[in-house]
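Written out below as C-alpha cells is the structure these notes cover.
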Amino acid sequence: MNQARINNRIIRRETHSSRAGLSVVTAVTVLAACLWLGTESILRLLGHDALLASPGTLAARAAGAPETVMPAAMAAGGCVLALAGAGLLLAAVTGGRRNRRPMVSDRSALVVDDEAIAAAVSRQVRLAAGLAPEQVSTTITRSRALVRVRPTSGITLDRDVLSGAAAGEVASLRLRKNVAVQVLVDAEGAVGRRTTPTGR
C-alpha cells in the first residue's frame, strides 16, 4: 500500500466518525421490543395477565387498524416509519462527519479543525479592520466560512478588503476542498476602541 492510500485512510478516519452510538441505541431498542414481546407471549401461555397487551390483542388491533384509523393518519404513520428506516440506512452507509478538514500535503496526512479555521479567519479579519476580538466572529459550515463583523460606531469598513483578508487566510491553509467566504457587516456599530490594522 503506497503512502497516498495510507494518508487517505488516516484522513478519512480523522474526518469521519463511526455510528457506534446510533447502532447501540437501535440495537437496544429492538432488543427491548423483542424481550417485551417474548415476555407477553410467555405470560399468555401461562395464563397470566399481560403487562401491556397480549400478542393476540396486538394482532387484532393491527388487523382492525384500516377500519379504525383514519387513512390520513395511516399514511402519516407509514411516512414516518419510512423516513426513520431511510435515515438509519443512510447513517449506516455514510457515517458521521467530524468538524475537521483535510489539508493538501504530499508527505503526510494533515487535518485542521473547523474551530481553528474560524479562529484564524476571525483574527485576520480583525487585524485587517482594526477591531476588537469580540467584534468579529466566524462560523464554518460544510462549504462556507461566514464572517460576521460588527464595526465600531462611526467607522466605515470596506467589505471587499475584509473578504480578501478572509479568503487569503483560508487559501493559506491549503485545504483540499475550497471553502467559500462570506463577510457580513452589521449595520449597527459597536461602541469600542478601533485599533491600528496590522499584518501577521
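Taking a ≥ b ≥ c as the square roots of the Cα gyration tensor eigenvalues, with a/c under 1.5 meaning rounded and otherwise prolate when a/b beats b/c, else oblate, which class fits the stretch 77-158? Let's see the in-between values first.
Numbers: a/c = 4.92, a/b = 1.77, b/c = 2.78.
Since a/c reaches 1.5 but b/c is at least a/b, the shape of the stretch 77-158 is classed as oblate.
In sequence order, what are the phi-derived ³J(HN,Hα) couplings for the stretch 144-160 according to the Karplus relation 6.51 cos²θ - 1.76 cosθ + 1.60 with θ = phi - 60°, rounded to whole Hz, with x for glycine and proline?
Karplus values, whole Hz, x for Gly and Pro: 8, 10, 9, 10, 10, 10, 10, x, 6, 4, x, 10, 9, 10, 8, 5, 5.
Once Lys and Arg get +1 and Asp and Glu get -1 on their Cβ, which of ALA109, LEU83, GLY47 lies farthest toward the positive end of the dipole of the stretch 31-185?
Working it through, the farthest residue towards the positive pole turns out to be ALA109.
Provide the FRET efficiency to the nearest 0.05 for the TRP36-ARG13 pair, computing r from the beta carbons and using R0 = 41 Å.
On the way: r = 38 Å, r/R0 = 0.92.
E between TRP36 and ARG13, to the nearest 0.05, is 0.60.
For VAL104, what charge total do you get from the other residues with a beta carbon under 13 Å from its beta carbon, if Lys and Arg give +1 and Asp and Glu give -1? Kindly include the intermediate steps, with their values, before the conclusion.
Details: positive: ARG101, ARG107, ARG174, ARG176, LYS177; negative: ASP106.
Neighbourhood net charge equals +4.
Can you work out the PRE-style zone for ILE6? Point 7 Å along Cα to Cβ, and I want the residues of the stretch 101-116 with backbone N under 14 Å.
Taking a point 7 Å out along Cα→Cβ of ILE6, the residues of the stretch 101-116 whose backbone N falls under 14 Å are 106-110.
Taking the Cα centre of the stretch 67-177 as origin, sum charge times position over the Cβ atoms of Lys and Arg (+1) and Asp and Glu (-1), and report the length of that vector in debye to the nearest 20. All intermediate terms of the calculation are to be shown ahead of the outcome.
Details: 15 positive and 9 negative charges, 74 e Å.
That gives a dipole near 360 debye.
Every number in this text was worked out from the coordinates using simple rules, so none of it is lab data. Just so you know, these numbers come straight off a predicted model, no measurement behind them. When we count neighbours, we look across all protein chains shown, and the Cβ atoms used for this are built from the backbone with ideal geometry, even at glycine.
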